[in-house]
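Shown next, in structure tokens, is the structure this report addresses.
Coordinate-derived values only; no laboratory data. Treat the numbers as computed from the prediction; the structure is a model and nothing was measured. Neighbour counts run over all protein chains shown; Cβ positions are idealised from the backbone, glycine included.
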Amino acid sequence: MSMSDPDPSAAGGDETIPLLDLPPEDSLFSEALMSLLRTCRSPGGELDSDFQILFDGSPDMLLVLSPDGAFRDANPSFLTASGYDIRQLRGLSVFEILEAGYRDGFREKLEAIDRARNTPGEALPREIFTFRGLKPDGTTASMECLLVPAKIQGRSVVLAAIRNLTLERRLLEELRESEEQYAALSETISEAIFRIDEGLGILFANSGALSTFGYSRDELVGQNFRILFPEEVFRIYEDVFRKYFYVDDKDRPAMGLRRTLEILGATKNRGVAPMEMSFGNSKVFKERTLTCIVRDISHRKNLERKLRHLAYHDRLTGLANRELFHEDLQAALAGLEKDKTRKHAVLFMDLDGFKQINDTLGHDRGDRLLVEAARRIRDSLRDADTAYRLGGDEFTAFLSGIRRVQDALVVAERIQSAIRQPFFLEGTEDAPVSVGVSIGISVVPDDGTTVQEVTKCADIAMYRSKDSGKGMCTVYDPAMDARVAERWRMAQDIRTALVRGEFRLYYQPIVDRNGMIRGMEALLRWPREDGTSIPPSVFVPVAEESGTIFLLGKWVLHRALADLRVLQDRNLRDVYVAVNLSGRQFEQSGFADSLVEVVRASGIDPGRLRLELTETTLMRNPAAAAKRIQTIKDSLPGLRFMIDDFGTGYSSLAYLSNLPVDSLKIDLSFVANLSRTQNEKVVKAIINLGHSLEMGIVAEGIETKDQRSYFVERSCQGMQGFYFMKAAPLPNVLKRLERQTRGIPPFGEEVGRTGAAGE
């Protein structure tokens with residue numbers, strides 16, 4: 001069995017005995033719910049579209065509640081078991097279907113979840129509790145419940161998993177009254193019911209037991225209980241069964257006995273099958289007896305296996321994902337304590353040239369290439385090895401039990417040879433595409449004894465392969481270029497800084513010909529605790545390369561929209577905010593939909609938002625860029641696009657005229673050197689071009705009065721630079737805007753002095 005396909009039944013115990021087990025505080029339905037949540041949760045914490053399918057198909061009763069207990073949804077299992085219609089539940093709270101004595105307790109559980117959800121570091125409560133529910137006909141039922149917080153379509157909700165205990169409890173109560181009533185009642189229950197004596201002999205089996213295990217009543221009654229289990233399983237659990245005879249339900253937790261057991265049963269015709277068992281003892285009959293209620297949970301275990309596969313495998317390629325990679329590596333490191341002679345290897349892989357194919361041929365063909373590349377990587381590995389997709393075009397492989405590093409190099413060379421073969425994608429059969437792969441190798445435990453250490457070393461080695469000309473394979477060496485290691489550390493630091501809230505947005509005003517503030521450009525800053533600051537020119541390229549630019553870009557957009565809300569609340573409704581988009585962010589699949597959703601959710605008028613893209617980004621694939629921009633503008637009427645750093649790229653008039661952009665920003669390098677004849681010609685040409693295409697013109701880097709006068713005379717609509725104000729935190733800009741609202745020039749007499757604002 002490969003590491004990517006672990007046996008879900010082998011949870012603890014000897015690996016040769018596949019026992020089913022859960023922690024004492026859990027039951028099957030709670031574990032199934034947690035698996036469902038893990039499977040259907042998106043990177044942003046949301047529950048995706050697959051959740052509804054699994055929600056509707058779950059055999060357990062499931063409810064979706066608001067944090068205050070109002071009904072949002074109920075699955076078919078709940079509606080069938082409870083007798084409620086979904087229309088009856090809408091507008092009700094869960095407290096209205098609880099017996100009065102249980103309402104306060106249920107409310108306390110919801111409040112505890114809400115506190116934990118909103119308090120960083122506080123553990124979420126995950127306990128199963130009981131309550132009595134009211135049915136529409138006025139009858140009551142005993143229920144077992146687990147509450148779990150989640151998010152659906154941006155709204156915080158609580159999922160409730162419920163199991164009916166009424167029949168079980170009634171059965172055990174009847175057991176204490178009469179054997180005749182007991183037998184009659186047991187026949188109304190579909191689960192298997194057994195009564196066994198102290199010698200573990202079967203005294204009674206209901207019809208559910210016959211159908212579950214495939215025996216006749218004569219074949220069961222009088223037999224030892226062990227007939228229902230594989231011999232090796234029974235040997236392990238025989239003493240546990242005997243304890244249930246003498247320990248009452250309330251005392252079982254203290255004795256280490258679980259409310260339910262998950263165990264493998266042995267049917268007559270189907271072989272082994274997973275079962276769930278609960279017990280009740282009695283002293284009423286002539287001798288002490290034990291009642292055992294057994295459920296065949298094969299359907300549920302199959303669902304769990306499917307859920308686990310979805311949770312731990314990449315949906316596009318079918319390879320194991322990042323989460324399973326970390327788990328497998330952790331398990332391998334733990335195993336080294338038993339066998340210190342074993343060695344393993346980790347391969348970090350990044351495709352060379354994939355981004356260009358994605359940009360030129362489209363994401364659909366890019367996805368097909370990733371699927372084929374994944375297959376080639378998997379086929380290049382040994383039987384004991386496992387391949388993983390971390391995301392994008394990044395892959396890893398875990399090589400189990402290598403003798404020397406040369407074994408890993410042989411596998412890496414096989415992968416490189418396979419990837420170098422042409423890719424025949426749909427529509428490119430006559431002109432197949434080619435990519436390469438850069439690989440970094442770390443050896444376990446030589447290069448580390450923790451998951452972080454091992455992955456860091458492999459990642460650094462991969463960076464060295466990239467720097468060496470791509471298509472290379474590099475084994476990690478502690479003496480490796482420190483610059484590569486520093487870039488890796490910075491990528492990790494960016495993630496940490498986002499979590500800690502270290503990044504800040506500064507704003508530089510964009511003024512009109514009259515010196516009035518009409519907009520602000522949002523500029524990302526990274527101040528450190530020691531008073532230093534890391535400039536964007538240093539951390540942004542690392543973020544682009546490592547993929548953390550997506551997280552940064554998302555944070556910037558959310559922060560800018562929140563600050564626009566501040567302007568709106570102060571009635572500063574005529575000022576727009578310009579946000580820079582990175583090329584990778586703009587070209588990311590699903591970016592347009594995500595942007596539209598975020599802006600609409602903010603409640604901000606799209607007309608107050610400008611998005612800036614560099615000329616280079618747009619010219620990589622002008623047709624695709626134009627289509628994406630138009631899609632966004634159609635969905636967010638009023639939103640405008642600006643081409644940043646214009647004049648430094650390679651735009652042609654034909655391409656520019658077909659791009660649905662609204663403004664051009666003249667690169668500050670031209671503004672700084674206006675005295676040069678060639679630069680001034682370029683600036684004049686840009687201004688004339690913009691005016692002819694009815695585009696706005698913004699000049700960056702204005703530092704002197706003469707520069708300002710130059711662009712005012714040429715009808716430039718916007719200017720920004722130190723002459724007016726340095727980039728500063730929002731409160732500093734607000735001071736200038738408040739002056740402006742009072743009819744006072746925002747910069748007053750200070751305009752004319754370089755860096756006048758000093759902020």
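Each Lys or Arg adds one and each Asp or Glu takes one away; over the other residues whose Cβ falls under 12 Å from the Cβ of residue 67, this sums to +4. The length gained by stretching the chain between residue 407 and residue 735 to full extension, at 0.36 nm per residue less their Cα-Cα distance, is 111.5 nm.
Model label sites at residue 132 and residue 495, defined 7 Å from Cα along the beta-carbon direction, differ in position by 5.1 nm. Overall, the anisotropy analysis places segment 322-480 in the prolate class: the square-rooted eigenvalues a ≥ b ≥ c of its C-alpha gyration tensor yield a/c not less than 1.5, with a/b exceeding b/c.
Straightening the chain between residue 744 and residue 605 buys 47.4 nm, computed as 0.36 nm per residue apart minus the Cα-Cα spacing.
Annotation: lysines with alpha-carbon distance below 27 angstrom to residue 338 (same-chain offsets under eight excluded): 456.
Reducing segment 609-634 and segment 503-573 to their Cα centroids gives an inter-centroid distance of 20 Å.
A crude spin-label estimate for the pair residue 712 and residue 676, with each label 7 Å from Cα along the Cβ direction, gives 2.7 nm. Pairs of lysines in segment 505-750 whose Cα atoms sit within less than 30 Å of one another amount to 21, provided the residues are eight or more positions apart or on different chains.
The Cα atoms of segment 396-517 give a gyration tensor whose axes a ≥ b ≥ c have a/c of 1.5 or more with a/b no greater than b/c, which makes the shape oblate.
When segment 478-564 is described by a simple charge dipole with +1 on each Lys and Arg Cβ and -1 on each Asp and Glu Cβ, the residue from 557, 499, 514 located farthest towards its positive end is 514.
Straight-line reach from residue 301: taking Cα to Cα under 24 Å and skipping same-chain neighbours fewer than 8 places apart, the lysines in range are 268. When 457, 716 are sorted by how many other C-beta atoms sit within 10 angstrom of their C-beta, beginning with the fewest, the order is 716, 457.
Size descriptor for segment 505-750, Kirkwood hydrodynamic radius: 18.7 Å (Cα pairs only, one decimal). Judged by the ratio a/c of the largest to the smallest principal axis of the C-alpha gyration tensor, segment 522-572 counts as oblate, that ratio being 1.5 or greater while a/b is no larger than b/c. Its Cα centre serving as origin, segment 322-480 has a Cβ charge dipole (Lys and Arg +1, Asp and Glu -1) of approximately 440 debye. About its Cα centre, the dipole of segment 505-750 is roughly 380 debye, where the only charges are +1 on Lys and Arg Cβ and -1 on Asp and Glu Cβ. How charged is the neighbourhood of residue 519? Take every other residue with its Cβ under 13 Å from the Cβ of residue 519, and add Lys/Arg as +1 and Asp/Glu as -1. Local charge sum for residue 519: 0. Ordering 659, 637, 527 by the projection of their Cα atoms onto the charge dipole of segment 505-750, which places +1 on the Cβ of Lys and Arg and -1 on the Cβ of Asp and Glu, puts 637 at the extreme positive end.
Grab the other residues whose beta carbon is less than 14 angstrom from that of residue 700, score K and R as +1, D and E as -1, and report the net. Residues close to residue 700 contribute a combined charge of -3.
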